[in-house]
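For reference, the structure discussed in these notes is given below.
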Amino acid sequence: MFNSFHALADRQLSGATLSRDDAFAILESSDEQLLDLVAAAARLRRAHFGNTVKVNYLVNLKSGLCPEDCTYCSQRLGSAAQIMKYTWLKPEEALAQAGSGIAAGASRICLVASGKGPTDRDVDRVATMVEGLKEEHPGVEVCACLGILKEGQAERLKACGADAYNHNLNTSEAMYGDICTTHDFADRIRTVEHAKSAGLSPCSGLIVGMGEGNGDLVDAVFALRDLASDSIPVNFLMPFDGTPLEGTWLLTPAHCIRILALVRFACPSAELRMAGGREMHLRTLQPLALHIANSLFLGDYLTSEGQPGQADLDMIADAGFTVLGRRDPSPETAGPGALPAIRMRGAGTAVAPNA
C-alpha cells in the first residue's frame with residue numbers, strides 16, 4: 001500500500017500498474033483527503049497532457065426508437081422519456097451541426113446514432129458524412145458511435161477517414177446483466193476489439209451512478225485498461241423520467257472526483273473525458289475535475305441539454321487551462337464576468353432576501 005497519493009503518483013509516473021488495493025484506497029478515501037488526491041492525480045494529467053483540454057462535440061444523427069433495453073438510456077425500448085425522436089439527419093444537416101462545434105473549439109466530432117448496430121447502408125451513410133467533414137475540416141478528428149459492428153464495418157469506417165470508434169463498456173461484466181438483457185458485456189468487448197483491429201482508435205468508457213459497488217467500478221476500469229482504450233469517457237447517470245433508473249441519485253460530487261481519479265491513476269496516459277451528467281453530479285466541482293480529466297463534451301448531449309457552450313469555455317479558461325489546438329485569449333484580454341447587479345431586495349426593502 002502507498003504512503004500517500006503523491007507516492008502513488010510517483011509509482012505511476014515510473015510505469016507501475018495500479019493494484020486493486022490501491023484502486024479501492026482511492027475510492028474509499030475521505031473528504032479530508034480529496035484535495036491531496038486531486039493534486040496527485042493532476043501530476044499524472046499534466047505529465048501527459050500539460051494544461052490543455054480537448055473539446056469534443058456530439059452530433060446525434062438518429063435519436064430514440066432503439067430496440068435495446070439498457071435501463072439507463074432515454075432512447076431505450078419502451079422509454080417514456082419525452083425526448084426528441086427522429087430518423088437519420090441528412091449529411092448537410094450533420095455537417096452544419098458539426099461545424100458549430102468546430103467553430104467553438106472542438107477538435108473531435110462524435111457522430112452518434114441510436115440502435116443495436118448499423119446496417120451496411122447505415123455505415124455508408126455515415127461514411128459520406130465523415131468524408132464531408134474531413135473535406136471541410138481536415139484537421140478535425142471524427143469518432144463514430146453506431147453500436148455493435150458487424151464484419152467489415154469498422155474497416156469501412158476507417159477507409160472513409162474516421163479516426164476513432166466509441167463503444168462504452170458502461171459497467172462491470174458482473175453487473176452488466178442488471179442494466180441490459182438484449183446484448184451482453186462480451187458483445188461490447190468484441191466491438192471495441194474489432195474497431196482496434198481495423199486501425200480505429202478505441203474510445204470506451206463508463207456510466208457511473210447506476211447502483212454499482214466499488215468492486216464493479218474497479219473491475220470496469222481495469223477492463224478498460226486491459227482493452228488499452230485510448231480515450232475513456234466517464235458518464236454520470238442522468239436519471240431520465242420514464243426510464244427504469246428514474247429517480248436514482250447515488251453520486252456525490254466528491255465521489256465523482258474519486259471515480260475520475262481512479263481512472264487517471266489506472267490509465268495515466270488515456271484521454272479522460274468528463275462526459276454526460278457532469279453538470280448535475282459534479283456541480284461546482286467541475287473546474288476541480290479538470291485537474292484530473294483532460295477532455296469534455298461541449299454544450300449539449302444526445303438527448304439532454306448541457307450547460308451553455310460558452311460557460312464550458314469560460315470554465316476551462318478560468319481554471320487556467322487552454323483548449324487543445326486553439327489560441328485562447330490571455331487573462332489580460334479575456335472578457336469580464338457579469339456586471340454587478342444592483343441589490344433591490346432584502347435589508348431596507350419590502351422584498352424577501354436572497355437566502
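Worth pointing out:
- Residues located in region 73-96, provided they are without any contact (Cβ under 8 Å) to a residue 40 or more places away in the chain and either within 26 Å of ARG188 (Cβ to Cβ) or under 22 Å from the mean Cα position of the chain (by Cα) (or both): GLY78, LYS85, TYR86, THR87, TRP88, LEU89, ALA94
- The residues of region 225-236 that are surrounded by fewer than 22 Cβ atoms within 10 Å (Cβ to Cβ) and of a type in the set (A, V, I, L, M), listed by number, are LEU227, ALA228.
- Criterion (part of a loop (DSSP other than H, G, I, E, B), surrounded by fewer than 18 Cβ atoms within 10 Å (Cβ to Cβ), out of contact with any strand residue (DSSP E or B) (no Cβ under 6 Å at 6 or more places or on another chain) and not basic (Lys, Arg)) met by exactly one of GLY132, GLY139: GLY139
- Pairs where the first residue, in region 243-259, is free of Cβ contacts under 8 Å to residues at least 40 places away in the same chain and over 17 Å from GLY215 (Cα atoms) and the second is of a type in the set (Phe, Trp, Tyr) and part of a loop (DSSP other than H, G, I, E, B), C-beta under 7 Å, 6+ apart: GLU246/PHE240
- None of SER204, SER269 is more than 19 Å from ALA319 (Cβ to Cβ), buried (at least 23 other Cβ atoms within 10 Å of the Cβ) and not aliphatic (A, V, I, L, M) except SER204.
- Within region 272-285, the set of residues being buried (at least 21 other Cβ atoms within 10 Å of the Cβ), of a type outside the set (Lys, Arg) and part of a helix (DSSP H, G or I) comprises just one member, HIS281.
- Residue match in region 264-271 (condition: in a strand (DSSP E or B), modelled with pLDDT of 95 or more and at positive phi): no
- Restricting attention to region 160-178, the residues being surrounded by fewer than 20 Cβ atoms within 10 Å (Cβ to Cβ), in contact (Cβ under 8 Å) with a residue 60 or more places away in the chain and touching a Phe, Trp or Tyr at 6+ places or on another chain (Cβ under 9 Å) number 0.
- Residue that is touching a helix residue (DSSP H, G or I) at 6+ places or on another chain (Cβ under 9 Å), more than 28 Å from ILE292 (Cα to Cα) and not in a loop (DSSP other than H, G, I, E, B), where the choices are ALA195, ALA261, ALA154: ALA154
- Any hit, region 289-296, residues being touching an Asp or Glu at 6+ places or on another chain (Cβ under 9 Å), of a type outside the set (Gly, Ala, Ser) and assigned to a loop (DSSP other than H, G, I, E, B): yes
- Count of region 12-35 residues which are surrounded by 14 or more Cβ atoms within 10 Å (Cβ to Cβ) and of a type in the set (D, E, K, R): 1
- Contact map, region 11-31: residues that are small (Gly, Ala, Ser) paired with residues that are exposed (fewer than 11 other Cβ atoms within 10 Å of the Cβ), Cβ distance under 9 Å, separation 6+ or inter-chain. Pairs shown: SER19/MET1; ALA25/MET1.
- Whether a residue is in contact with a Gly (Cβ under 8 Å, 6 or more places away or on another chain), of a type in the set (A, V, I, L, M, F, W, C), over 16 Å from LEU95 (Cα atoms) and modelled with pLDDT of 95 or more was assessed, and LEU169 passes this test.
The values are calculated or read from the model by the stated rules, or taken from the named source; none is laboratory data. Quantities reported herein were computed from a predicted structural model and do not represent experimental measurements. Virtual Cβ from ideal backbone geometry, glycine too; neighbours counted across all protein chains shown.
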